[in-house]
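Since the structure comes first, as structure tokens, the remarks are kept for the end.
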Amino acid sequence: MRKKALATVVASLFAVIAVSTTGYAKTVIKLGTSTQPSHIYNQAAEYFGDIVAKESGGEIEVQVFPAAQLGSERDMVEGLQLGSLEMTLTSTGPMGNFIPQVKLFNLPFLFKDRESCYRVLDGEIGQSIADKFVKVGIRSLGWYENGFRNITNSKRPINAPSDMDGLKIRVMEDDVFILTMKALGASPTPMAFGELYTALEQGVVDAQENPLAVIHSSRFFEVQKYLAMTGHFYSPAVMLISEITWQTLSPEHQKIVADAAAKAKTYERELSLKADQELEQALAKEGMVVTHPDKEPFVKAVAPVYTNDSVIKAIGGGDQEEGQRLIDAAKAAAM
Ligand code: EAX
């Protein structure tokens, strides 16, 4: 015990020396993601960190931890709430469990293109939902992009909803994704992203769905033969900071972090678009058999998700009418 106490005293002395020689204690921000180092989240996170370090004159250091080193997306959001983790760049997949209104963005085929996504996310609807995050201890620094999600599987080419029958497909942990895949005739399994590659490799699940940037950076082409360009969900991402961390920052540092996140958002969205333009060909070169199903039959098949009372109520934060209003407003803005 005496040795441990001594070690603590020595460590504290070093910390004091560090502060006295530099005049300030450097702020270290750990930023976790669930995706592989080469994925666009991590490119954007490094870009964000470089801006923050430069603009703060080295007073703030951002350390990026990819590949779910700091836990699943859900674990990392909980870490922000506790203050044990400072930042994460995450998909909205698990966010509906923290802020039910986020389920609005999980609705299938809500958005037809990026312009309609950004009109909603960067407009009044996206802002009103982001503003709700603070009450659960997390603060949004901007809606980033995971992207339009496509289906991969190891069994068969997908050209119509009937090809989804009985397919064991992994989904993110939210009831909207489960309902959508059931409406298509598949058998959904909610699972954290970090477990997915092994589950596909071992045949625990036959299929998964993700944007091309995730499919490619996670090397799913090694364990999935077929890629169907369904674009069935547009998955936003969100840059989050712990409210506990945020409140420890000076107004000057808060502005540096917020401005850097805004710049990194634009950069990350550009990377996501570029990925969609280039990676279908790259995945075909890796041996994937790519299909381009007619989306209309899929849109019709998932229509019941939009009339599911529990989904509408959740999107309205417990209020059915508010949920329907938000869905109608998002549809109108996305036109
Ligand atoms: O955020 O869980 C998922 O499929 C997400 O798309 C992935 O973690 C990237």
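The values are calculated or read from the model by the stated rules, or taken from the named source; none is laboratory data. Since we're looking at a predicted model, the values are computed, not measured. Neighbour counts run over all protein chains shown; Cβ positions are idealised from the backbone, glycine included. Just the protein is used for accessible areas: all its heavy atoms, side chains included, with ligands, DNA and RNA removed. Shrake-Rupley method; radii C 1.70, N 1.55, O 1.52, S 1.80 Å.
Observations
- Sparsely packed loop sites in the range 50-117 (the chymotrypsin sites (Phe, Trp or Tyr not before Pro) outside DSSP H, G, I, E and B with at most 13 other Cβ atoms within 10 Å) do not occur.
- Computed label-point distance, nm, for sites Glu286 and Gln247 using a 7 Å Cα→Cβ extension: 4.3 nm
- Charge tally in the Cβ shell below 10 Å around Phe221, where Lys, Arg are +1 and Asp, Glu are -1, Phe221 excluded: +1
- Cα lying deepest toward the dipole's positive end in the range 25-334, options Phe298, Pro211, Ser162, charges on Cβ: Ser162
- Note that the range 297-306 has calculated 3J(HN,Hα) couplings of x, 6, 4, 5, 5, 9, 3, x, 4, 6 Hz, one per residue in order, obtained from phi through the Karplus relation 6.51 cos²θ - 1.76 cosθ + 1.60 (θ = phi - 60°); glycine and proline are x.
- Among Gly137, Gly166, Gly147: highest mean-square fluctuation, GNM of the chain, C-alpha pairs under 10 Å: Gly166
- Anchor Lys274: aspartates and glutamates whose Cα lies under 16 Å away (excluding residues fewer than 8 positions away in-chain): Asp113, Glu115, Glu145
- Ordering Ser162, Ser250 by accessible surface, largest first, gives Ser162, Ser250; the 1.4 Å probe counts only protein heavy atoms, with every chain in place.
- Net charge dipole, the range 32-170: roughly 700 debye, given to the nearest 20, about the Cα centre with Cβ charges of +1 for Lys and Arg and -1 for Asp and Glu.
- Scanning residues 5 or more positions from Val290 or on other chains, those with amide H under 5 Å from its amide H are Leu227, with H placed 1.01 Å from N in the peptide plane.
- Rolling a 1.4 Å probe over the heavy atoms of the protein chains gives the range 25-334 an accessible area of 39 Å² per residue.
- Taking only protein heavy atoms and a 1.4 Å probe, the accessible area of the range 25-334 is 50% carbon and sulfur.
- Full extension of the chain segment joining Val204 with Asp113 gains 29.5 nm, where the gain is 0.36 nm per residue of separation less the Cα-Cα distance.
- Computed lengthening from Ser310 to Gln69, 0.36 nm per intervening residue step minus Cα-Cα distance: 83.4 nm
- Residues with amide H under 5 Å from that of Gly142, placed H, sequence gap 5 or more: Met239
- Sites excluded, trypsin sites (Lys or Arg not before Pro) in DSSP loops with at most 13 other C-beta within 10 Å, longest stretch of the chain: 27-218
- Across the range 190-204, coupling constants 3J(HN,Hα) worked out from phi with the 6.51/-1.76/1.60 Karplus curve, θ = phi - 60°, read x, 7, 5, 4, x, 8, 5, 4, 5, 5, 6, 5, 8, x, 4 Hz, and Gly and Pro carry x.
- Inter-probe distance in nm under a simple model that places probes 7 Å from Cα toward Cβ, at Asp259 and Ser162: 6.0 nm
- About its Cα centre, the range 20-91 has a charge dipole of approximately 60 debye under the convention of +1 per Lys or Arg Cβ and -1 per Asp or Glu Cβ, with nothing else charged.
- Kyte-Doolittle mean at least 1.0, axial Cα span of 18 Å or more - DSSP H helices of the chain: 2-22
- Placing +1 on each Lys and Arg Cβ and -1 on each Asp and Glu Cβ, with no other charges, gives the chain a dipole about its Cα centre of roughly 600 debye.
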